[in-house]
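The values are calculated or read from the model by the stated rules, or taken from the named source; none is laboratory data. Not measured: the values here are computed from a predicted model. A quick note on method: Cβ atoms are made from the backbone with ideal geometry, for glycine too, and the neighbour counts reach across all protein chains shown. The area values use the complete protein model at the heavy-atom level, side chains included, leaving out ligands, DNA and RNA. Shrake-Rupley method; radii C 1.70, N 1.55, O 1.52, S 1.80 Å.
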Amino acid sequence: MVDRDPGTPTWKFTQCFGDKGDVEDITEGNWQPPSHYSAESGQFPQSASTDTHSAADIISTVEFDHTGNYLATGDKGGRVVLFERNETHRKKTCEYKFHTEFQSHEPEFDYLKSLEIEEKINKIKWCRRQNASHFLLSTNDKTIKLWKVFDKSLKVHGWRWGYGSRTRVSFKDPSALKLPRLTHHDTVVAAVPRRTYANAHAYHINSISVNSDGETFISSDDLRVNLWNLNIQDQSFNIVDIKPANMEELTEVITAAEFHPVSCNWFMYASSKGTIKLADMRQRALCDEHAKQFEQEEDASSRSFFSEIISSISDVRFSNDGRYIVSRDYLTVKIWDVNMERQPIKTIPIHEHLRPRLCDTYENDSIFDKFEVVFSGDAENVMTGSYNNNFMIYPTEEQKDTEIVLQADKSAFKAKKVGVPTPMSKGNGKKAGSRSGSPAGPGSRMKKETDADQIDFNKKILHMSWHPFEDSIAIAATNNLFVFSAL
């Protein structure tokens, strides 16, 4: 048993939105209309429940806005759902209520390439709020849209009696005139598309990132990064192009890209070779030559058939102050100091226990899962996901080697599971203690499942977001959105 660091917060399950179905119940099918959704409870009414749930309901992205008062999710059905912080229940924990939802993307068909374009929302990014309206970018594989979300007042035409031209009345008798009048009827939340940025990517868009200048954003696909002005939808500038003259010579692809949170001229992009390149747009129009490259040399003795696959970076993020970079590949999380390119300041093993089973993960395609990773607002912690609906929180300090393991599944409705710090695995990936599937109540020790035979590869936490100022997190678990807060 490990004594808990008194400075480590206790994480508590706060709420869950969405249908409480198991992942086994998710089937391919038509998307169910949003009328099933109950804004009061955040759940689907029992009368609308079915034995199976549409695969279109699976959440594909989660994003807090810059204030933390709003939370957005996108799903495979092309829907965007927004949640607003519930101020009437403001406690130590962070709770949200349903705000609005809208259909962002529809399925399309590219007749020139005979290619179906899914409606799935790949990414959502909030623009900084400058007035009463919210603006956010959402993208599927090919098309980016800028949405305006605002409170719209509904007014109705009425009639008011007053002076009439045919009737002589005194000022004391205003009832003789009938005049039209608009009266306030109700206020609804409206979402309208303001810009559509299309036809700029030949390959699937994997990232969008809004610049700190509030005027531009980048979008990246497998081979290119494009720079857009938010106000111009029919023109973009290509700032990175790694497409070789002969596609047979292609050795790497771009997997993620992000703007620096402070310096508007800096951005970074990661590749399938495990490299992170930091580029400066002031140097040249086409940023093919990077200013810095972060890469850890692989040990030649451990190289295998799977080396290239597991070294591919699935996600990369800046800390809020821009000082640190966190990257995620299949087996590890790496934390980098932007001033030190030679090696990461910390490498955290995530799936070391799967290293002997890479052949199995290759056969069931799990090795290609794209896990996200995020910094906390103060950059003191990082969070990423795993299988069995587990997700983990690690300190960024090199000297600290604890991890907090939490689980997001429907059992949290029965027992609010709380993770406590445990020592990080040291090479063998083995941990003592109860398995993640064992019964647990508040304060119980949670563990990652380190026995590969006990891992459910269908239950995985890929998408998440951390509140910008508080220790509150949003977790996407299949078709459910979980919120956890630290006490």
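See the values below:
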| quantity | calculated |
| --- | --- |
| Positive minus negative residues near Phe135 (Lys, Arg vs Asp, Glu; Cβ under 9 Å) | +4 |
| His134, His463, ranked by accessible area, largest first (probe 1.4 Å) | His463, His134 |
| In nm, spacing of pseudo-spin labels at Glu298 and Ala198 (7 Å Cα→C-beta vector) | 4.0 nm |
| FRET efficiency, 1/(1 + (r/R0)^6) with R0 22 Å, evaluated for Arg284 and Asp213 via beta carbons | 0.70 |
| Shape of the range 337-403, Cα gyration tensor, a/c cut at 1.5 | prolate |
| Proximal charge balance of Ile144 [Cβ under 13 Å; K/R count +1, D/E count -1] | +3 |
| Rounded to the nearest 10 Å², the accessible area of Glu298 at probe 1.4 Å | 90 Å² |
